Amino acid sequence: MTEPSYVVPPPPCVSVEVRDSTARFPVHRVYCVGRNYAAHAREMGHDDREPPFFFQKNPDDLVAPGTPVPYPPETADLHHEVELVVALAEGGSNIAVEDALSHVYGYAIGLDLTRRDVQAEAKKAARPWATAKAFAHSAPIGAIVPASTLGHPKSGRLTATVNGAPRQDGDLADMIWSVPEIIAHLSRWFVLAPGDLIFTGTPAGVGELKRGDVVVGAIEGLGELEVSIA
Ligand code: MN
């Protein structure tokens with residue numbers, strides 16, 4: 001078989017570091033869950049009884065640890081959202097809740113950086129969230145820890161500090177929709193694949209980031225992810 005040739009350069013494969021491994025996790029898609037912690041849903045003006053809903057970021061929006069995030073254009077209200085990220089080893093459609101965790105490769109800490117002012121305008125105008133959520137450098141992520149060593153965390157504190165001051169504080173046990181439920185729901189709408197990442201939502205305490213700020217996301221069992229805003 002001859003190698004295909006391309007009319008423009010093909011995109012590189014985006015990948016994420018795996019803790020204690022030289023092999024990397026290749027990224028297929030980046031899904032995100034909205035309003036998955038009751039206290040955050042309430043702080044955004046919603047109740048906590050709606051089914052999960054999803055949006056996406058782009059694989060090349062991911063940012064490796066140690067890489068500063070340039071303050072994005074077209075916003076004056078950049079927000080941090082610390083989240084547990086699920087990395088899938090296997091995909092599929094209509095995955096049963098009981099089978100869902102067997103599809104998971106591992107877990108990481110992620111930040112769902114958000115142009116909150118743009119998102120507020122989009123909500124008001126009933127427009128999509130793409131420009132609010134899926135911009136360059138909008139998805140810092142730490143090393144993926146394999147479930148084979150970590151297990152599947154059902155509880156554990158997750159926090160975000162900015163310049164050392166506490167901002168977000170929650171527990172994975174407070175997710176409205178659990179990881180297996182999220183995978184099951186998502187697989188009804190999309191054909192999931194190995195390499196998919198799922199940002200699972202954020203607890204209360206989201207807030208603004210300025211140039212020069214250092215945000216540290218932490219999840220019990222996963223360690224910390226430090227991100228500076230340039
Ligand atoms: Mn989020």
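Taken together, Leu158, Leu186 contain a single residue that is under 15 Å from the mean Cα position of the chain (by Cα) and part of a helix (DSSP H, G or I), which is Leu186. Against the test of being away from the ligand (no atom under 13 Å from the Cβ), in a loop (DSSP other than H, G, I, E, B) and among the small types (Gly, Ala, Ser), the options Gly205, Gly195 yield a single qualifying residue, Gly195. Among the numbered criteria (1) modelled with pLDDT under 95; (2) over 17 Å from the mean Cα position of the chain (by Cα), which single criterion is violated by Tyr6? Tyr6 satisfies every listed condition except (1). Screening Lys124 with (1) more than 15 Å from the ligand (Cβ to nearest atom); (2) under 16 Å from the mean Cα position of the chain (by Cα) gives one miss only, at (2). Considered as a group, the residues in segment 67-115 that are farther than 17 Å from Ala130 by Cα and charged (D, E, K, R) include one that is most open to solvent (accessible area, probe 1.4 Å), and that residue is Glu98. Being at positive phi and open to solvent by 40 Å² or more (accessible area, probe 1.4 Å) is the requirement here; does Gly221 meet it? Against the criterion (at positive phi and open to solvent by 40 Å² or more (accessible area, probe 1.4 Å)), Gly221 qualifies.
Inside segment 35-66, residues that are open to solvent by 30 Å² or more (accessible area, probe 1.4 Å), over 17 Å from the mean Cα position of the chain (by Cα) and at negative phi make up a count of 10. Here are Thr131, Thr114, Thr149: which of them is among the hydroxyl-bearing types (Ser, Thr, Tyr), farther than 22 Å from Phe25 by Cβ, at pLDDT 95 or above and away from the ligand (no atom under 12 Å from the Cβ)? So the residue among Thr131, Thr114, Thr149 that is among the hydroxyl-bearing types (Ser, Thr, Tyr), farther than 22 Å from Phe25 by Cβ, at pLDDT 95 or above and away from the ligand (no atom under 12 Å from the Cβ) is Thr131.
The values are calculated or read from the model by the stated rules, or taken from the named source; none is laboratory data. Computed from a predicted model, the values in this text were never measured in an experiment. In this analysis, Cβ positions are derived from the backbone assuming ideal geometry, glycine residues included, and neighbour counts consider all displayed protein chains. Calculation scope for accessible area: heavy atoms of the full protein, side chains included, ligands and nucleic acids excluded. Shrake-Rupley method; radii C 1.70, N 1.55, O 1.52, S 1.80 Å.
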